[in-house]
Each structure stands twice: as C-alpha cells, then as structure tokens.
Amino acid sequence: MKKQTTIIWNVCLIAALFLLLFILEQTVPSGSMLFMVLKKGAIYALVAVSMNLLNGFTGLFSLGQAGFMLLGAYTYAILTIPPESRASVYQYFDGGIVQFAIPVPLALIAGGIVAAVFAFLIGLPVLRLKSDYLAIATLGFAEIIRAVFQWDKLGPLTNGSNLLRNFPTFQSVLYPFVVAGICIGLIVLLINSTYGRAFKAIRDDEIAAEAMGINLAHHKQLAFVISSFFAGISGGLLAMYQTTIQASMFKSAMTYEILLIVVIGGIGSITGSCLGSFLFIACSEWWLRFLDNSNLYIGDFHLTFMRPGFRKVVFSLIIMAIVLFYRKGLMGDREFSVEAVRKFLRKRFKKGQTAEGGASK
Amino acid sequence: MSKENVLKVENVTMQFGGVIAVDNLNLEVNKGEIISLIGPNGAGKTTAFNVITGVYAPTNGAVYYKGNKIIQNHPQGKMKKLYRGENPVTYTGHRALAPTPDKITAMGIARTFQNIRLFKSQTVFENILIAKHLRRTSNVFTATFRLNAREEARMRQEAEELLEIVGLTDVRDELATALPYGKQRHLEIARALATQPELLLLDEPAAGMNPQETLELTQFIGRIRDEFGLTIFMIEHHMDLVMEISDRIYVLDFGKSIAEGNPEEIRSNPRVIEAYLGGAQDE
Ligand SMILES: Nc1ncnc2c1ncn2[C@@H]1O[C@H](COP(=O)(O)OP(=O)(O)OP(=O)(O)O)[C@@H](O)[C@H]1O
Ligand SMILES: [Mg+2]
C-alpha cells in the first residue's frame, strides 16, 4: 500500500473516531459512566504510551510515572487557578505566592517541562550506571516528591496537604482525546524517526548499539526526559479531569496501574497501550461494578458472596489470567493499523480460497 | 613506500582482578593493510579488540589512532597493588583517557563481534539504517517533525547501497536473526561499514563458515578494503583465510605477543608452531 493511501486511511479513521465521540456526546446522557471511562482512558493511554516509550522501545525500566504526573498536575493547577480564587484555595497560606494565571495549553506544557527537568536531574547520575538502578531511583523519587509536596513549609506554593481546586477543567470528552491524541502522535513520530531507531537498537543490544556509535547515556537520557515530559502532560490532564488534586492521590499504586496497562496492551505496542488503557479503566471502574452489589439475585438465589469490594477480587483474577496466558499482552509488539488489518484479511481470504480449491479437486 | 600509521597499541595490559588477559601488547596497523591477530582460545584477542574499541579501559598502556593518542591509562586504586603486568611505571602521572565505544566509532573505528550481535527485532535493512544514525546532523526535534527529510532519504539510500554491496537486497525485509549464519556475518560487516569507518576490526568473521563460504568471505574482505579504502585488523582462526589475505600477522599467546611477521615468517616460526599451530592440530 502506498504511503499516501495509508495516511488518508489514518486521517479518515481519526475523523471517524472524533465524529463518533461527538455523536455520543449529543445522544448519551452526560452522567453516563461511558464518558468517565473515555476521558480517564484517554489520559491513561497517554501516560501508558509514554511509559511504553521507555519500557517497550528503549528497554529502560522507570517506576516514576506517578511522581511525574504529580509534578505535571501541580504545575498545571498552580499556574491556572484564577487569582481571585487563590485567597479561598490557599486559605491557610494567605493566598499563596503565585498570583497570576496563564492559559491552559501553556500550563499543560509547563507541567510537562517541570516533569522533564526533574527527569533530567534524576537521569544525570542514574543513567550512567549499567544496571537497572533507574527503577529504584524513580520509585524513590515518586515517594519523596509526594511527601515533599505535602510539606507545610512549601504550602504557599503547593497548599501543603490541602486540596488544590478551582482551576480550569474540561467538560467535553473531546478535550482529553485531542490533547492525548496530539501527544501520542508526537511519540509515534519520534519512534519512527532515526532517534526511535536508535532507542530500539539500545533495547535490542546495548553493546552493539554503542559500537554503532550510539551514545548510550545521551539517548537514554533523551528517552527518559521525553517520556517524563508526556507523563507530566497527562498529569495536567488528570488534574483537569478530577477537578481537584492532592499529592496523596499520586501513590505508587498509580504507577503499577499504568505498568499493568502497558503489559496488558503489549510491551512495545503503542496501539496496545491505548487499547489496554480503555479496557483497564472500563473493567476496573465500570463493567465490573455490578459485582459490588450485595443484593443481587439469580432467580430466587441470593448471591451472598457479592459485596462491596468483590469487584476488585474478580478484577485481580482477570489481570492474573491475562498476565499468565497472554504473556506478550493483547498486541505483543505488533501495531494495529489499516495495513495490518488488510494483510490479515487477505491472508484469511487466500486461505479460504486454497481450501476451497483443494476441496473441489 | 611510506607507511601511514592508522592504529598503534602501546604497552597495553588488561588485567581482570588477578587474571592478565592482555600483557604488554604492542602492535601497529598501517593504512590499507590487512593485519591478522591469531592465537589459541583465551589468548586475549577479543580483549585486545575490546580495549581498542573502548569497551574496557586498559589497566595500563596507550592506544593511538592516526597518530593521536585516544586511550591511555595506568594502574589506579585497587589495581595499584594487584597489578602484575610487565610495564609498571610508564604511564603513571599521565591523565587517563577512556572514551566510550561510541566515541571510538565516531572517530572511524568500526567493529564486528565474535558472537554475532545484530539488532534482533529489526529487519536486515533497519540494522544497517540504525548505524547511519551516527553521522546525522538532525537533532531530536528536527527528526521528530520530519524536517530532516533529505537526510533521512540519504540515510536510506546509502543503506540500500550497502545492502547491494553485501548482496543482501533480496532479504532486505527479513528479520536479521532469521538469516543463515554466514549472511548474518556479512550483515554485521555491512552494518559496521555504514558507520563510515577507516579502520575495520573483524572478530572471527569466518567463524562457523564452511570452506566455500570462507573463500567467498576472503574475496569479500579484499574487495571492501579496496572499494572503501579501508584498513582491516582481524581476529581469525581459519588459517587458509589468514595466510591468504594478511599483509602481516601478530600471534598472541597467554596475553603476550609471541611473534609478528608476514605469513611466510609466521608459518615457519617455531614458537608459533609450538604455541598455536601445534595446538590447533591436536584439536
Ligand atoms: N570481562 C572479563 N572479566 C574477566 N575475565 C575476562 C573478561 N573478558 C575476558 N576475560 C578473560 O580473558 C582471557 C582472554 O579472553 P578473550 O576473550 O580475549 O580470548 P580470545 O583470544 O578472544 O579467545 P577466543 O579465541 O576463544 O575468542 C580469558 O581467560 C577470559 O576468561
Ligand atoms: Mg575471542
């Protein structure tokens, strides 16, 4: 298939997706869980893809996603709360020290930049080491940053352990889709560039990559900083989605959720991470909700084991099953694309034909 | 003929803990030559390559490339007490020089590996294309936003040409690791050539090849030397290959250089026969 045809197909697909979202928004009542899943799913898709850039494409293992999202979320919130609301938000800190607000897109980017700067500083010493110190260092960083942001002394900036609120949020489901879509698009462009090839070379064989002239420290640092930048942006989006934020939200459990999404979707597959994200959010927050209902009957039979929290048990079992039986995740390291579907269908078709041919003889 | 020196290894010792893998090695490679490094298993040949390409910083000694000192070290820290090499004091007081392998490759020294190291999830073509990353002028922004389209096209063009030269065009889109052994070795050489080296280090390029393939490889190495104006330094066990194409041969045994000379001299050198050829016949 020609390159141009592929591009046209992709543009059509994306347009169709947005049209579908638009129609859904016009027809389905806005309180529906569907929108909640779509919004959160888009945000998690972005952070999962950014994690995949590291884990799946560069072969580095970072566990700092929650920390970088926290930085993005706080930067966004601090920079966008309208000055007139600051007195009430920062009521224990005399209205805080920041007394201005910047436009939402700029604040999102600023969140990414702050996360990227921290990643740069962590990476400087850690990425020079050969082994997997990055996982430990980033996990530690995420824990520390959460504590630091709740520290009273920083209250004028972070509002201590109190909520940040009153910053601009989004209503439409299109908003997170557009922002996450642009960011994921950029990551895809990066992965398919000469730098992306260098990342994959490092993942496949560090020693050979270095012998081919790829500077390991520089490229690892680059991947780590870029990944953290997008984690920061997704943190900003998460703040918008949640409407209020607090440092204690960004626990390491959040990082593990994202890691699960990456593993379920397939390490090294962008479309896998996106798919995994929506499935994960839908399962954990929506589709299994009925299991929490303790008054469920089949006919006259009372399902006594159903009670609040049972959903989580079933959910964990599903995750275990996926990890055990789909070692490589739903997509492996393949990508969903028009081209792949076409090839798949053609193969099926051909098989059918030859089988028929064989039968007629 | 005036000889232009390309590589000079000076008093290099590489000691791992108590094991001396390379002991006071001295050798020179001149422009346009094909030089072989031979010796029994465990003699320290690969270790010598690893020192030259920056994988290990030598415990002691220096390496020059085209007359410039690129690597230098002397026993430091714990090694001061442990050091048992032959040349203890020469480099003390000098600043250590230890560039990473990518810097060495950027200078113009490329290599292949004894145990083939291709990028296993990549196709044959992509393996070569990755090596083109080194001579880029784009940065991460221009590359992401496709502002380097011309350079990208040139990289692909040059990678295609290399595929043609090594005769792998027909398997262009196959996974590198799906190729038969001999072709993987050719691909590794093509990938090294893609970094535009002047000096090519080949670590046992004929390992695992049958006599026919070895013969083809011999011709191939001669051809790329002429075509790319290369200097070649290689480790090899296949004596036919070594004797046929080497201008000079160095023989290593237990980390020490025991002989040097042209193929005739080496063939008739009693020390070599004893240490290496004799041993090889027993096998
Ligand atoms: N990283 C290392 N740490 C400790 N010892 C090492 C290391 N690398 C090599 N050696 C030792 O150095 C010696 C020389 O090994 P080297 O691989 O250089 O031999 P070689 O001449 O290439 O042999 P072969 O013909 O089998 O490839 C061996 O005894 C090996 O065990
Ligand atoms: Mg060896």
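Observations on the model:
- Averaged over the residues of B:116-128, the number of partner chain Cβ atoms lying within 10 Å of the residue Cβ comes to 4.
- Rounded to the nearest 0.05, the FRET efficiency derived from the C-beta distance between A:V178 and B:F16 at R0 = 60 Å is 0.60.
- Net charge of Cβ neighbours under 15 Å - reference A:D152; Lys, Arg +1; Asp, Glu -1: +1
- Total charge dipole magnitude, region A:33-249, about the Cα centre, Cβ charges on Lys, Arg, Asp, Glu only, Debye to nearest 20: 180 debye
- For region B:186-224 versus region B:1-25, the gap between their alpha-carbon centres in whole angstrom: 23 Å
- Full extension of the chain segment joining B:E244 with B:Q157 gains 27.9 nm, where the gain is 0.36 nm per residue of separation less the Cα-Cα distance.
- DSSP beta bridges fully contained in chain B are about 60 percent antiparallel.
- Pairwise FRET efficiency - A:S161 versus A:R289, Cβ, R0 = 51 Å, nearest 0.05: 0.95
- Span from the region B:101-154 Cα centroid across to the region A:186-200 one, whole angstrom: 12 Å
- R0 of 56 Å, Cβ-Cβ distance A:K343-B:N262: FRET efficiency to nearest 0.05: 0.50
- Loop-located GluC sites (Glu not before Pro) in region B:21-95 (DSSP state not H, G, I, E or B) with no more than 15 neighbouring Cβ atoms inside 10 Å: B:E86.
- The distance between label points at A:Y92 and B:L82 comes to 5.5 nm (points 7 Å beyond Cα on the Cα→Cβ vector).
- Neighbour counts of C-beta atoms inside 10 Å place B:H94, B:H238, B:H74 in the sequence B:H94, B:H238, B:H74, starting with the fewest.
- Inter-site label distance for B:T123 and A:R327 at 7 Å from Cα along Cβ, in nm: 2.6 nm
- Computed over neighbours whose Cβ is under 13 Å from that of B:D170, the net charge equals -2, Lys and Arg +1, Asp and Glu -1.
- Whole-Hz Karplus values for region A:276-285 come out as x, 4, 5, 5, 4, 5, 4, 5, 6, 10 Hz, taken residue by residue from phi with 6.51 cos²θ - 1.76 cosθ + 1.60 and θ = phi - 60°; glycine and proline positions read x.
- The residues neighbouring B:T105, those whose beta-carbon lies less than 12 Å from its own, together hold a net charge of +1 under the Lys/Arg +1, Asp/Glu -1 convention.
- Per residue, the protein assembly as shown reaches -17000 deg cm²/dmol at 222 nm when only DSSP H runs of four or more residues are counted, each adding -39500 (n - 2.57).
- In this simple spin-label model, placing a label point 7 Å from the Cα along the Cα-to-Cβ direction at both A:Y133 and B:R150 gives a separation of 4.3 nm.
- Of all DSSP-defined beta bridges confined to region B:146-283, some 50% are antiparallel rather than parallel.
- Anisotropy class of the protein assembly as shown from Cα gyration tensor, a/c 1.5 cut: prolate
- Chain A: C-alpha gyration tensor shape, a/c 1.5 cut-off, then a/b vs b/c: oblate
- Among beta bridges that DSSP assigns inside the protein assembly as shown, antiparallel share in %, nearest 5: 65 percent
- Region A:26-72 and region A:259-282: distance between their alpha carbon centers, rounded to Å: 9 Å
- Across peptide A:181-193, the mean count of Cβ atoms from other chains lying within 10 Å of each residue's own Cβ comes to 2.
- Peptide A:200-207 has a mean shielding of 5, counted as Cβ atoms of other protein chains within 10 Å of each residue's Cβ.
- Gyration tensor verdict on chain B (Cα atoms; rounded if a/c is under 1.5, prolate if a/b is larger than b/c, oblate otherwise): oblate
- Fully extending the segment from A:I318 to A:D300, taken as 0.36 nm per residue of separation minus the present Cα-Cα distance, adds 3.7 nm.
- Each peptide in B:182-191, A:152-161 receives the mean, over its residues, of other Cβ atoms within 10 Å, and ordering these scores from highest gives B:182-191, A:152-161.
Computed from the coordinates by the stated procedures, all read-outs in this text should not be read as laboratory data. Only a predicted model underlies this, so the values are computations on that prediction, with no experimental measurement involved. Using ideal geometry, Cβ is built from the backbone for each residue, glycine included, and neighbour counts are taken over all protein chains shown.
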